[in-house]
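Following: one structure in structure tokens, then a few remarks.
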């Protein structure tokens, strides 16, 4: 856990996992919310990026110059800028043109240099690597999702769950999936705390939106798929291709890792209703996972329905953790606008 290391504790914190009566009644089972929206940068990316940057600092000679470079749709860049400010090191963030000025200003407020290049993350990342990082001998590349230290940082979520929940078993864990950094960490944690010690694994539900569904497309194709473009409004999920490790998890753990896609309208609904029920604002990318609580997908995938499913009474005893991954690119006005567009109230 983050609290085990005082230095890492400065970069990310142990977040609470709380039972939600409102969401439990909607879902019909016991819902626990892992509140990653409370991290220093407003999302789980503080764990991922914070750990990666800390490990990179340890590998550098004492007193050596460091300049962090991160390509991001927004939240990883904000996490990098937050950690860099804490570490008193410079950083440069490259974001695609789809990133809002609202998010860019938040990153700049932390002292980071921001470049806006390309219509998607992949092109922003290419520019960062070739035009900026390659010319700086002090540069350290901070990937938004594809690095073992990123996944190790995120896996601390499951380390914490093992100690926090106080229930005999966890039947499901639901999380959003963009490039796969969050999912990879969750799967590594599940292997450590369940598979490797002979305990039945919870069903892990990886949720994407239509138009940002690179994992689901890969699962269906049986091979890594690169999307032609990102058309979803959930731009924080906008990786045209998931990491190779994410795809391997989908093959290795097919028995308990499930891929699901919701519409943008459903993701908006999830964020809007969560704001009403929990009084917290989260991005639509996070709303995608929350939507599964409200639209019945969580019950259908984790519990099963129909002849092969379980009874209402059995489902009511299930314990499901929903990762509230957070995200800062959201305001009341944004949610109101999305709600009007998609007819969500």
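The values are calculated or read from the model by the stated rules, or taken from the named source; none is laboratory data. Values in this document were obtained by computation on a predicted structure and should not be read as measured data. Positions of Cβ are backbone-derived with ideal geometry, glycine not excepted, and every protein chain shown enters the neighbour counts.
Annotations
- Checklist (1) in contact (Cβ under 8 Å) with a residue 12 or more places away in the chain; (2) touching a strand residue (DSSP E or B) at 6+ places or on another chain (Cβ under 9 Å) applied to residue 188, failing item: (2)
- Qualifying residue in the range 4-14 (condition: in contact with a helix residue (DSSP H, G or I) (Cβ under 6 Å, 6 or more places away or on another chain), in a helix (DSSP H, G or I) and either crowded, with 23+ Cβ neighbours inside 10 Å or at pLDDT below 95 (or both)): yes
Yes/no matrix, rows are residues, columns are (1) outside any helix (DSSP H, G or I); (2) more than 19 Å from residue 10 (Cα to Cα); (3) in contact (Cβ under 8 Å) with a residue 60 or more places away in the chain:
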| site | (1), (2), (3) |
| --- | --- |
| 80 | no, no, yes |
| 85 | no, no, no |
| 94 | yes, yes, no |
| 99 | yes, yes, yes |
| 118 | yes, yes, no |
| 131 | no, yes, no |
| 149 | no, no, yes |
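- Some residue of the range 120-129 being surrounded by fewer than 17 Cβ atoms within 10 Å (Cβ to Cβ), at pLDDT below 90 and assigned by TED's automatic domain parsing to the domain that holds residue 78: yes
- The residues listed here are 237, 281; of these, the one that is touching a helix residue (DSSP H, G or I) at 6+ places or on another chain (Cβ under 8 Å) and surrounded by fewer than 24 Cβ atoms within 10 Å (Cβ to Cβ) is 281.
- Among the residues of the range 191-220, the ones that are free of Cβ contacts under 8 Å to residues at least 40 places away in the same chain and in contact with a strand residue (DSSP E or B) (Cβ under 7 Å, 6 or more places away or on another chain) come to 0 in all.
- Flag for residue 152 being surrounded by fewer than 17 Cβ atoms within 10 Å (Cβ to Cβ), at pLDDT 95 or above and either more than 25 Å from residue 27 (Cα to Cα) or under 19 Å from the mean Cα position of the chain (by Cα) (or both): no
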